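The values are calculated or read from the model by the stated rules, or taken from the named source; none is laboratory data. None of the values given here were measured: they were computed from a predicted structure. All Cβ positions, glycine included, derive from the backbone under ideal geometry; neighbour counts span all protein chains shown.
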């Protein structure tokens with residue numbers, strides 16, 4: 001069975017490739033979606049609400065000042081409301097960048113947490129596939145340990161790629177992902193059904 005959490009089930013080279021591709025696609029998508037949600041969707045929504053609150057506050061204050069200044073005079077309420085609304089929108093626009101930045105900072109830790117979870121689960125599932133391949137190829141425990149270390153390096157790079165891309169660090173950290181692949185590459189060249197053959201003897 002190609003996809004399984006049972007470590008006793010052997011996994012061929014093709015099966016390992018399928019697991020690698022499938023897990024990479026799934027967890028890469030999860031990371032990009034969660035990062036986008038936490039750094040764009042939620043902050044934008046929060047910033048919009050904050051901007052509305054700022055605009056409303058300035059609008060109310062401006063209207064009150066205009067009304068107070070018009071005591072003893074003819075008060076043009078319609079013009080005052082329009083002027084207050086304009087002042088409110090100007091204030092919101094002026095604070096927009098700051099408000100959005102604060103909203104992003106608020107959700108940033110949660111974005112990192114979700115990427116970390118993605119990396120852990122990705123590495124875990126990939127490690128299971130690698131251990132199944134180790135068993136099938138009757139590879140040494142050392143090779144298995146090295147492969148798992150590679151799985152964590154590769155999974156971490158893939159999971160954190162949205163964060164790295166956002167900060168223009170992808171090229172800097174790309175070697176980590178490549179090294180991870182290289183560490184479990186030997187398992188692709190090991191024989192198949194070796195564990196079963198050894199048991200038969």
Assess whether residue 84 counts as being within 30 Å of residue 187 (Cβ to Cβ), free of Cβ contacts under 8 Å to residues at least 60 places away in the same chain, out of contact with any strand residue (DSSP E or B) (no Cβ under 6 Å at 6 or more places or on another chain) and in a helix (DSSP H, G or I).
-> no
Residue ranges of helices (runs of 4 or more DSSP H) in segment 110-201 with at least 1 members over 14 Å from the mean Cα position of the chain (by Cα) and modelled with pLDDT under 95 | 141-159, 170-184, 194-200
Could you please find all residues in segment 128-172 being surrounded by fewer than 17 Cβ atoms within 10 Å (Cβ to Cβ) and closer than 30 Å to residue 39 by Cβ?
-> 149, 165, 166, 167, 168, 169, 170, 171, 172
Just one of 18, 23 is surrounded by 14 or more Cβ atoms within 10 Å (Cβ to Cβ) and without any contact (Cβ under 8 Å) to a residue 24 or more places away in the chain; which is it?
-> 18
Could you check residue 135 against (1) closer than 22 Å to residue 30 by Cβ; (2) in contact (Cβ under 8 Å) with a residue 60 or more places away in the chain and say which number it fails?
-> (1)
Do the conditions hold for residue 29, that is, is it within 14 Å of the chain's Cα centre (by Cα), in a helix (DSSP H, G or I) and exposed (fewer than 15 other Cβ atoms within 10 Å of the Cβ)?
-> yes
